[in-house]
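First the structure, in the form of structure tokens, and then the observations on it.
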Amino acid sequence: MNNGEKSLQDVHQSIDTHKPSKFKKILSFFGPAYLISVGYMDPGNWATDLAGGSQFGYTLIWVLLMSNIMALILQSHAARLGIVWGKDLAQCNRETYPKGMNFILYILAEIAIAACDLAEVLGMAIGLNLLFGLDLLWGVSISFLDTFLLLYLQRLGMRKMEMFIIGLIFMIGMCFVVEMSLAQPDVAGIMSGFIPSIPNSAALYISIGIIGATVMPHNLYLHSALVQTRKIGRDAYSIKKALKYNFWDSAIALNLAFFVNAAILILAAAVFHEKGLHHVADLQDAHKLLAPSLGSEWAPRLFAVALILAGQSSTVTGTLAGQIVMEGYLRLRISPALRRMLTRLIAIVPAILVIYIAGDDEVGPMLVFSQVLLSMQLAFAVIPLIHFVSDKKRMGVFTISLPVKIISWLIAFIISFLNFQLVFDEITNWIHSTQNPWLSFALTFGGIGLLILLLLTTLYPILKRKKKVNMEVHPPFQASLPQSKTTLSFERIALALDYSPSDQLVIEYALKLASVKTHFILIHVAESASSRMMEEDTDDYEKRHDEQRMDKYLAFFKEKGYEAIFEVGDAKRVKFIAKICKEYKADLLIVGSHGHRGIKDFIYGETVNQLRHKVNIPVFIAQ
């Protein structure tokens, strides 16, 4: 673990929520939910929407609406957790559950993120194939390039990334507005679709698929972190307002996702169901039949464009969620470029192998498989989330009310049951289709293990009050730091502190080079994912912890009779340290060495070499 490296390190844009006008203040909170909403309209959802519309017309629109309401409640809980606790869902799990359970939960979360990315990769490849006739194998390979698009967006800043995603959502919506105008669906039929009804068992199965594909587990981790990127006051009034504005943000964004999903279902109902084509669930078949059914070449083109945009927008959130999950569970921070490449490779390699070995016909089953993996993980994110927002000790007056708690647990039960039913059906099919007894045993054993883990996840916070896990994000502070006599003195010495063991050496050398008149400038750059996104406007758990730690260092120097100040920043590390050195006219900068080089510099990042070129004062490396 490298304590000096930050997650999402190329995101620099800050957003101030303390605006002079109420309208601008509300707008400053809008954005995180739009990054969340793209997960609800990713290519993995399209197949269930197409199947529902082609087989049962407008009948199952109410299922989409119910799924959307469920998603809104759960995403609001995730936002509440991040705002009130100041921690994301992964951090809260680490604090609550035993080490072994947390590791399993982490693995499941990573599997869900990889599965989501697999759906995006396949969706984009299918879109490129439909639009340009590009071979699926090449389409999957090209999808690796969006790694660099995300890294570029992070450099532009969080607000610009949000605007980019909103722009993609708008274009997806416009594609389906045009499609709807060409299809001219039956308005009365659409309205009747909001009346709950399940015609037969096949409709029930598709409804299960729609609900199961709606709530994405990684979105709950991500939302609980993204809301922390807005700096708010810690008083009850400010928190209440933040909860209110974030609920509006979620409601608007998820309703846009509902519009896209409903549009796909309505399009399938108007174009396929009414013409007797009741078994269109494949993306390629839908694209092929749109032109002859609507009499326009634009219909299939817009369908393909929307599919590409949906895959491209959804892939951004998967990487952000992956970094937050890794930080929260493992407290491991690696460079954004490496994290993005690993996430994308985990999705691309299986897709390329399956397409190369089994052919293009297996792309559809792979999409289904990705949704099964997502379904398997969902309960393990939803259940802890409800436990946390129901905790009166931690949530205080912001604990969810009893009616909301009952509704939430009902949603958790429905989602868990339906998703495990989907997983059970798929595992049963795999067992029946395979002739390998060891594979059958492994699948059965894995299914039983998941049920046991689900039971433990549900009951552990209730039945056992485990000793609180140490959530210190840095090694313990040692007050007995050494002091030595001065041989050479500087008037202003800047110390770059990262709260790692190297800080001991940095302070030791600083005292050796100081005189009684020396002023110390203590510098630290916050490392959390939300700090990385929002810079000085973040107010998460780790940022507050960092400032408390710096107060201890400050007290130590003042106790020794030195004048000292500190600066805790959130900009890019090298840039911020150089800026502070210049502002305070430092004569010397002392930094610690992390002791790694070469490939580890790529994994964890490096500071010293860049700093030497950014400051015009001596740089002392303590090692």
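Key figures
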{"quantity": "Segment 291-324, residues that are more than 23 Å from Met366 (Cβ to Cβ) and of a type in the set (A, V, I, L, M, F, W, C)", "calculated": "Ala291, Leu294, Trp298, Ala299, Leu302, Leu320, Ile324"}
{"quantity": "Tally of residues being within 23 Å of Leu182 (Cα to Cα) and within 21 Å of the chain's Cα centre (by Cα) across segment 229-259", "calculated": "4"}
{"quantity": "Thr428 vs. criteria at pLDDT 80 or above, part of a helix (DSSP H, G or I) and surrounded by 11 or more Cβ atoms within 10 Å (Cβ to Cβ)", "calculated": "no"}
{"quantity": "Strands (runs of 3 or more DSSP E) fully within segment 544-623 counting 1 or more residues that are charged (D, E, K, R) and modelled with pLDDT of 80 or more", "calculated": "563-569"}
{"quantity": "Candidates Leu81, Leu72, filtered to the one that is touching a residue at least 12 places away in the same chain (Cβ under 8 Å), touching a Ser or Thr at 6+ places or on another chain (Cβ under 8 Å) and surrounded by 24 or more Cβ atoms within 10 Å (Cβ to Cβ)", "calculated": "Leu81"}
{"quantity": "Members of segment 498-515 that are among the hydrophobic types (A, V, I, L, M, F, W, C) and under 16 Å from Ala555 (Cα atoms)", "calculated": "Ile507, Ala510, Leu511"}
{"quantity": "Options Pro185, Pro196: the member that is more than 19 Å from Phe272 (Cβ to Cβ) and not β-branched (Val, Ile, Thr)", "calculated": "Pro196"}
{"quantity": "The one condition in (1) among the β-branched types (Val, Ile, Thr); (2) in contact (Cβ under 8 Å) with a residue 60 or more places away in the chain; (3) surrounded by fewer than 20 Cβ atoms within 10 Å (Cβ to Cβ); (4) assigned to a loop (DSSP other than H, G, I, E, B) that Val215 fails to fulfil", "calculated": "(3)"}
{"quantity": "Evaluation of Phe103 against (1) touching a Phe, Trp or Tyr at 6+ places or on another chain (Cβ under 8 Å); (2) crowded, with 21+ Cβ neighbours inside 10 Å; (3) not β-branched (Val, Ile, Thr) (one fails), failing number", "calculated": "(2)"}
{"quantity": "Ser238 being surrounded by fewer than 24 Cβ atoms within 10 Å (Cβ to Cβ), of a type in the set (Ser, Thr, Tyr), assigned by TED's automatic domain parsing to the domain that holds Asp88 and not in a helix (DSSP H, G or I)", "calculated": "no"}
{"quantity": "Residue match in segment 88-97 (condition: within 19 Å of Ile264 (Cβ to Cβ), surrounded by 20 or more Cβ atoms within 10 Å (Cβ to Cβ) and modelled with pLDDT of 80 or more)", "calculated": "no"}
{"quantity": "Leu410 vs. criteria closer than 18 Å to Gln75 by Cβ and not acidic (Asp, Glu)", "calculated": "yes"}
{"quantity": "Matching residues, segment 284-318, being within 16 Å of the chain's Cα centre (by Cα) and polar (S, T, N, Q)", "calculated": "Gln312, Ser313, Ser314, Thr315, Thr317"}
{"quantity": "Qualifying residue in segment 476-485 (condition: at negative phi and either among the charged types (D, E, K, R) or at pLDDT 80 or above (or both))", "calculated": "yes"}
{"quantity": "Segment 347-370, subset over 26 Å from the mean Cα position of the chain (by Cα) and crowded, with 16+ Cβ neighbours inside 10 Å, residue modelled with the lowest pLDDT", "calculated": "Val354"}
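Quick grid of which residues meet (1) among the basic types (Lys, Arg); (2) modelled with pLDDT of 55 or more; (3) under 19 Å from Val84 (Cα atoms); (4) buried (at least 21 other Cβ atoms within 10 Å of the Cβ):
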position: Ser489; (1), (2), (3), (4): no, yes, no, no
position: Phe520; (1), (2), (3), (4): no, yes, no, yes
position: His524; (1), (2), (3), (4): no, yes, no, yes
position: Ala529; (1), (2), (3), (4): no, yes, yes, yes
position: Glu542; (1), (2), (3), (4): no, yes, yes, yes
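Per-residue answers, yes or no, for (1) in a helix (DSSP H, G or I); (2) crowded, with 24+ Cβ neighbours inside 10 Å:
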{"residue": "Trp248", "(1), (2)": "yes, no"}
{"residue": "Leu265", "(1), (2)": "yes, yes"}
{"residue": "His278", "(1), (2)": "no, no"}
{"residue": "Ser293", "(1), (2)": "yes, no"}
{"residue": "Ser296", "(1), (2)": "no, no"}
{"residue": "Leu307", "(1), (2)": "yes, yes"}
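The values are calculated or read from the model by the stated rules, or taken from the named source; none is laboratory data. Quick caveat: nothing in here was measured; it's all calculated off a predicted structure. Virtual Cβ from ideal backbone geometry, glycine too; neighbours counted across all protein chains shown.
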